[in-house]
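Structure first, then comments.
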Amino acid sequence: MKKTTKGALLAVAATLSVSVIALGQGQGQSAHTMAQSAAHQAKSASKAIDLQETGSTLLWPLFQLWVPAYKHVASNVFLTPSGTGSGVGIAEATQGVVQIGASDAYMSSGQLAQTPGMLNIPLAISAQQIMYKIPGIKASTHLHLTGNVIALMYMGKIKYWNAPQVQRLNKGLKLPHLAIVPIHRHDGSGDTFLFTQFMTDTNAAWANPTTGVGYGTSVSWPAVPGALDGVGNSGVVQIAARTPGSIAYVGISWLNNALKDGMGEAMLQNRAGRFLLPDHATISAAADKMTAKTPRDERISLIYAPGPNSYPIINYEYAIVKETQANVQTASAVKNLLLWAISPKGGNQASFMGQVHFLPLPASIFPLSKAQIEKIH
């Protein structure tokens, strides 16, 4: 069926106005009925709206699940997601290149000062795990690692897997004299933001404000011979899986891919000294300790939460959105999409969250995200 154009609708409205004047008092009801019919036709002739999302490769698999599902909710909205890294997501959202920037990292106060009017909206809770490729170590054997030891590996101060610092954490397990190959992200990445925050929290040299690496979506990595980098979680997993001795940080939505590629998954030491894997219970425990501290603008790190059962690397997954959109139609489409995304009956359903190992937005945080979404205009 041919779509009604804006000009055609205006013509219909103008014709109806003339008809109302020409009709007598007794025919007013007929004209009213015609006007209602024209309004209905205008509503039915909804214009197609294209929305662009880019950024976090940790969030990208979830958006891939959301796209076909949302077509049943708003058939005229065409959402195109792409995984380019959180750094690109933030940059292109602030520049207005895309309507939604996906990020594992919230915008800093400095970034917000340069580009006011940006919203940082949590959509769900994710986690990150440390993966490795060590021949002879079964996938069911989870190495015990601490943030401090991992930092020393990435700084080139622990060079082999059977180094005393690693062997002490894994008593009874014979580790090979195999060179450690640290792998990090090449692109600006929210995963790098999460990982380097954990390193900063657990290694004093890394955290040193003068000589340390610090944290951010991009950092100056220590010059370690043999170290490699990859673009996106997919690139990191591919490189790590084919590199004996590798160690890598990987967003949890890529856990299944990494395991299929023969990678091992480490148990990380939390703030209470326990070694844990990221699962629903340990991610929930960490979230329960941190979400009450969430401010109204929802910019907060959930890394290294206290508590005996808290997994140490979890965080909100953010939609970075301009409060003021290009036009009313786009604003409405973005708002409705995000409201659906955070709804327990919409995008936050377990059927979506479970596939990427995310936790849905906590009930206490839902009103905060909803209030931010309602600001979009």
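The values are calculated or read from the model by the stated rules, or taken from the named source; none is laboratory data. Remember, predicted model here, so these are calculated numbers, not experimental data. With ideal geometry, Cβ positions are generated from the backbone for all residues, glycine too; neighbour counts draw on all protein chains shown.
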Filter result for Ala139 (of a type in the set (A, V, I, L, M, F, W, C) and either in a loop (DSSP other than H, G, I, E, B) or surrounded by fewer than 18 Cβ atoms within 10 Å (Cβ to Cβ) (or both)): yes
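Residues in region 175-199 that are farther than 14 Å from Met153 by Cβ and either in contact (Cβ under 8 Å) with a residue 40 or more places away in the chain or buried (at least 23 other Cβ atoms within 10 Å of the Cβ) (or both): how many?
Of the residues in region 175-199, the ones farther than 14 Å from Met153 by Cβ are 176-177, 185-194, 197.
Now restrict to residues that are either in contact (Cβ under 8 Å) with a residue 40 or more places away in the chain or buried (at least 23 other Cβ atoms within 10 Å of the Cβ) (or both): 176, 185-194, 197.
The qualifying residues number 12.
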Residue match in region 300-308 (condition: farther than 25 Å from Asn120 by Cβ and surrounded by fewer than 16 Cβ atoms within 10 Å (Cβ to Cβ)): yes
Sole residue being farther than 24 Å from Val219 by Cβ, part of a loop (DSSP other than H, G, I, E, B), at pLDDT 95 or above and in contact with a Leu (Cβ under 7 Å, 6 or more places away or on another chain), chosen from Ile134, Ile121: Ile134
Val231 being touching an Asp or Glu at 6+ places or on another chain (Cβ under 6 Å), within 29 Å of Ser140 (Cα to Cα) and either hydrophobic (A, V, I, L, M, F, W, C) or outside the structural domain of Thr141 (by TED's automatic domain parsing) (or both): yes
Residue match in region 150-164 (condition: of a type outside the set (Ser, Thr, Tyr), crowded, with 23+ Cβ neighbours inside 10 Å, touching a Phe, Trp or Tyr at 6+ places or on another chain (Cβ under 7 Å) and at pLDDT 95 or above): yes
Residue match in region 286-297 (condition: surrounded by fewer than 16 Cβ atoms within 10 Å (Cβ to Cβ), in contact with a Pro (Cβ under 9 Å, 6 or more places away or on another chain), outside the structural domain of Ala105 (by TED's automatic domain parsing) and more than 21 Å from Pro122 (Cβ to Cβ)): no
From the options Pro278, Pro360, residue that is under 17 Å from the mean Cα position of the chain (by Cα), surrounded by 18 or more Cβ atoms within 10 Å (Cβ to Cβ), within 19 Å of Gly251 (Cα to Cα) and assigned by TED's automatic domain parsing to the domain that holds Val149: Pro278
Matching residues, region 204-224, being among the polar types (S, T, N, Q) and free of Cβ contacts under 8 Å to residues at least 12 places away in the same chain: Asn208, Thr210, Thr211, Ser220
Any pair with Cβ under 9 angstrom, 6 or more apart, that starts in region 258-270 at a residue that is closer than 14 Å to Ser234 by Cβ and ends at one that is at pLDDT 95 or above and part of a loop (DSSP other than H, G, I, E, B): Asp261/Lys133; Asp261/Arg242; Met263/Lys133
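Given the criteria farther than 25 Å from Lys289 by Cβ, surrounded by fewer than 16 Cβ atoms within 10 Å (Cβ to Cβ) and among the β-branched types (Val, Ile, Thr), does Val334 qualify?
Numbers: farther than 25 Å from Lys289 by Cβ: yes; surrounded by fewer than 16 Cβ atoms within 10 Å (Cβ to Cβ): no; among the β-branched types (Val, Ile, Thr): yes.
In short, no.
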Residue that is in contact with a strand residue (DSSP E or B) (Cβ under 7 Å, 6 or more places away or on another chain) and assigned by TED's automatic domain parsing to the domain that holds His144, where the choices are Met353, Met263: Met263
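Taking the conditions exactly as written (touching a strand residue (DSSP E or B) at 6+ places or on another chain (Cβ under 6 Å) and among the β-branched types (Val, Ile, Thr)), does Ile134 satisfy them or not?
no
If I go through region 89-111 residue by residue, how many of them are aliphatic (A, V, I, L, M) and surrounded by fewer than 24 Cβ atoms within 10 Å (Cβ to Cβ)? Before you say what the answer is, go through the steps one by one.
First pass over region 89-111, keeping only residues aliphatic (A, V, I, L, M): 90-91, 93, 97-98, 100, 102, 105, 107.
If we keep only those that are surrounded by fewer than 24 Cβ atoms within 10 Å (Cβ to Cβ) too, we end up with 91, 97, 107.
The number of residues fulfilling the criteria is 3.
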Cβ pairs under 7 Å, 6+ apart, first in region 58-80 and farther than 14 Å from Gln349 by Cβ, second of a type in the set (Gly, Ala, Ser) and exposed (fewer than 14 other Cβ atoms within 10 Å of the Cβ): Asn76/Ala48; Phe78/Ala48
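Considering each of Gln167, Gln197 in turn, give the residue that is assigned to a helix (DSSP H, G or I), among the polar types (S, T, N, Q) and farther than 19 Å from Pro312 by Cα.
Values: Gln197 fails: farther than 19 Å from Pro312 by Cα.
Testing whether each residue is assigned to a helix (DSSP H, G or I), among the polar types (S, T, N, Q) and farther than 19 Å from Pro312 by Cα leaves just Gln167.
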